[in-house]
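For reference, the structure is listed below as C-alpha cells.
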Amino acid sequence: MTSASPTRVYLDYNASTPVHPDVVDAVMTALRTGGNPSSSHGTGRAARAWVEQAREAVARLAGCQPTDVVLTSGATEALSLAIHAILGDVRQRSPRPHVVASALEHDAVLAPLQTAAKRSEIDLDLVRPDSVGVVAAHSVREVLREDTALVALLAAQNELGSIQPLDQVAEACRKVGAVMLCDAVQATGRGLDLATLDADLLTISGHKFGGPPGIGALIRRNPNIRLIARTEGGLQEWGLRAGTENAPAAAGLARAIVLLEAGALGNHFEMREMRGQICQDLVALVPGATILGPSNSDLVLPQTIAVRLPGYDAETLVAALDLEGIAVSAGSACASGALTPSHVLEAIGLGEREAREVIRISFGYDTQPAELTRALDALRHVLPQVYLED
Ligand code: PLP
C-alpha cells in the first residue's frame, strides 16, 4: 500500500489520514447498493445495517452501549451538538452557566463557546496550558466553581500532539458536578485507548484514522446526560440529528474501526521510534530547531512533530516542500490574506514571528521510514530558499 499518491510523501495525517483501501471498498459497496436506512425494504435494511454496524463499532471502541452513540457528519457537528445540548439543558436552571475550556481546544469547541460568551449566555474561563502544551489539572481546579456546568478538554492536541491529564481533570469535574466533554479526535488511532478516557462525552472523527471524511460520532459515556436535538426534521439518531444517515460513510467508519482493532492502522511503538529519529535529524539539520510539546515521549502522540525552525518562514517552507512532493503543514493559518498565528502556538507563549517558524509533520499507519528520509532530504534542499524577511 502507498501514501495518498505514490509519487508524493504525505505527512499531514493530523489534518486527514489517507482513506484505507479496505475502507474505500466498504464505502463503494455501500454506495453501489444505495438505499435509505429508514426504508423498510431490503435495500433500506442493507443501508440500516451499515449504520448500525458503525454504531456498534464505535460503542466497542469507546466501551459504551450502541444506544449512547450518535453518528454525525464529523467531530465539529458532534462537538456542537454536545455543547448546545448541555448548555440548553443547564440554562433551564441557570440563566448564565459557567463553562471552562482549555485554550488548546479546536475551533469546533472554542467558536461556539466564544459566541455564547459574547452573547452573555455563558461565563467562559479559558485555561492556559504550560509552555509544552499541557493543561495542568490544578489550573482547571483553580477556576472550577460550584456552578460550573461544562468543562472541555481535548485528549490530545492536534498541532502539538500533547496528551492531556484527562483523569485528574475528570475527577475535579465530578466533585463540582460539571460535565466533562473530551474531543478525542486526535487520540483515536494514535495509541490512546478510547475506552479508558475519563469523560462524560467523547467525540471522534472518521477521517483521522483511515476512515472516510464526513462521519464522526458523539459518544455519551455518562447515561445521565440529556442530549437535545439541534435540527428539526426526521427522527434519525433518536431525534438528535434529523436527516438521512450517511450509510456509505458509516460502512467506511465501521471498517476503519475493525482495522484499528486488528492493529492494521500502524504500530505505535514503531511510530514512536520513527518520531524520535526524525526529531533528532531535524535538530541536527537546523541550528536552534526546537521540538515543541512535551519532551517525555509518553506525553506526546507517537506520530506528531511540531518543530520551530528559527529563521525560516513556515508558509513558504510548506509551499517549497509541496513543490518537492512533500505535504506538511504550517503552524500559522492564512486568514483573510493575513498570516495569523494559531491560537495554540500563542497559548504556549510563542510570539507572532516565532509561530511563523513552526511546521507540523504528522504521519501514520501508511508511512514508511524511507518517506521520512525523503522528506528530510527535501527539507535540506529547500531550506536556503525560505529565510524569514525582517
Ligand atoms: N477536533 C480536533 C482536535 C481536530 O483536529 C479536528 C479536525 O481537524 C476537529 C476537532 C474537527 O473534526 P471534523 O473534521 O471531523 O469536523
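The values are calculated or read from the model by the stated rules, or taken from the named source; none is laboratory data. Bear in mind that the values here come from a model prediction, so they are computed numbers and not experimental data. Virtual Cβ from ideal backbone geometry, glycine too; neighbours counted across all protein chains shown.
Numbers for the structure displayed
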{"read-out": "Filter pass, Val109 being part of a loop (DSSP other than H, G, I, E, B), within 16 Å of the ligand (Cβ to nearest atom) and within 28 Å of Val58 (Cβ to Cβ)", "value": "no"}
{"read-out": "Members of the range 363-390 that are in a strand (DSSP E or B) and closer than 12 Å to Ile326 by Cα", "value": "none"}
{"read-out": "Condition broken by Ala47, with the remaining ones in (1) in a loop (DSSP other than H, G, I, E, B); (2) of a type outside the set (Phe, Trp, Tyr); (3) over 19 Å from Ile204 (Cα atoms) satisfied", "value": "(1)"}
{"read-out": "Members of the range 223-245 that are assigned to a loop (DSSP other than H, G, I, E, B) and either of a type in the set (D, E, K, R) or touching a helix residue (DSSP H, G or I) at 6+ places or on another chain (Cβ under 8 Å) (or both)", "value": "Pro223, Ile225, Arg226, Leu227, Ile228, Ala229, Arg230, Glu232, Leu240, Arg241, Glu245"}
{"read-out": "Considering residues of the range 35-61 that are within 29 Å of Asp183 (Cβ to Cβ) and either within 16 Å of the ligand (Cβ to nearest atom) or of a type in the set (Lys, Arg) (or both) only, the residue farthest from the chain's Cα centre (by Cα)", "value": "Arg48"}
{"read-out": "Lone qualifier among Gly252, Gly216 - being at pLDDT 95 or above, touching a Gly at 6+ places or on another chain (Cβ under 8 Å) and closer than 18 Å to Cys64 by Cα", "value": "Gly216"}
{"read-out": "Which listed residue is within 30 Å of Leu383 (Cβ to Cβ) and basic (Lys, Arg), from Arg272, Arg220, Arg230", "value": "Arg272"}
{"read-out": "Residue list for the range 73-105, filter: of a type in the set (Gly, Ala, Ser), in contact with a Pro (Cβ under 8 Å, 6 or more places away or on another chain) and either under 24 Å from Pro213 (Cα atoms) or within 12 Å of the ligand (Cβ to nearest atom) (or both)", "value": "Gly74, Ser80, Ser102"}
{"read-out": "Matching option when the condition is within 25 Å of Arg190 (Cβ to Cβ), over 26 Å from the mean Cα position of the chain (by Cα) and surrounded by fewer than 20 Cβ atoms within 10 Å (Cβ to Cβ), among Asp377, Asp281, Asp322", "value": "Asp281"}
{"read-out": "Test result for Gly288, part of a helix (DSSP H, G or I), small (Gly, Ala, Ser) and in contact (Cβ under 8 Å) with a residue 12 or more places away in the chain", "value": "no"}
{"read-out": "Selection status of Arg141, at pLDDT 95 or above, more than 17 Å from Ala199 (Cβ to Cβ) and basic (Lys, Arg)", "value": "no"}
{"read-out": "Those residues of the range 204-215 which are part of a loop (DSSP other than H, G, I, E, B) and either in contact with a Phe, Trp or Tyr (Cβ under 9 Å, 6 or more places away or on another chain) or buried (at least 24 other Cβ atoms within 10 Å of the Cβ) (or both), in sequence order", "value": "Phe209, Gly210, Gly211, Ile215"}
{"read-out": "Unmet criterion (only one of (1) more than 24 Å from Arg45 (Cβ to Cβ); (2) away from the ligand (no atom under 16 Å from the Cβ)) for Gln236", "value": "(1)"}
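For (1) touching a residue at least 60 places away in the same chain (Cβ under 8 Å); (2) in a loop (DSSP other than H, G, I, E, B); (3) crowded, with 16+ Cβ neighbours inside 10 Å, each residue gets a yes or a no:
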{"residue": "Ser120", "(1), (2), (3)": "no, yes, no"}
{"residue": "His138", "(1), (2), (3)": "no, no, no"}
{"residue": "Leu150", "(1), (2), (3)": "yes, no, yes"}
{"residue": "Leu181", "(1), (2), (3)": "yes, no, yes"}
{"residue": "Ala195", "(1), (2), (3)": "yes, no, no"}
{"residue": "Leu202", "(1), (2), (3)": "yes, no, yes"}
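The rows are residues; the columns are (1) surrounded by 22 or more Cβ atoms within 10 Å (Cβ to Cβ); (2) at pLDDT 95 or above.
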residue	(1), (2)
Ala314	yes, no
Ala335	no, no
Leu339	no, no
Val358	yes, yes
